[in-house]
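Single-structure report; data block below.
The values are calculated or read from the model by the stated rules, or taken from the named source; none is laboratory data. Quick caveat: nothing in here was measured; it's all calculated off a predicted structure. Cβ placement follows ideal geometry from the backbone for every residue including glycine, while neighbour counts extend to all protein chains displayed.
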Amino acid sequence: MDKERSKNVTENAQRDLGHAIREWRTRHRYTQDMAAKISGIPRSSLRRLEIGEGAKSINFKNLEKLARILNMTTIELSEKYFSEDNKKDQ
């Protein structure tokens with residue numbers, strides 16, 4: 001896969017993750033502050049993830065918390081949004 005396509009796929013995965021987080025938050029009618037408190041993920045990190053940034057630098061502890069709020073295992077979350085195999089298929 002060339003660099004430009006890889007970059008686009010990565011951006012798409014980050015954007016999709018952001019949509020999933022925002023959908024969870026709005027479905028429960030949480031503000032970002034409420035979502036941060038409930039999830040245990042800092043508000044600034046949630047905000048960045050929601051706008052499609054920050055996924056590359058997420059730590060494992062926050063990855064676990066993110067998986068929990070999205071009702072996924074850490075493995076499922078990783079495969080869906082962070083897996084190189086998944087990126088090749090897109």
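What to note about this one:
- Of the helices (runs of 4 or more DSSP H) lying entirely inside the chain, those containing at least 1 residues that are within 12 Å of the chain's Cα centre (by Cα) and modelled with pLDDT under 85 are 3-27.
- Residues located in segment 40-78, provided they are exposed (fewer than 15 other Cβ atoms within 10 Å of the Cβ), hydrophobic (A, V, I, L, M, F, W, C) and within 20 Å of residue 27 (Cα to Cα): 51
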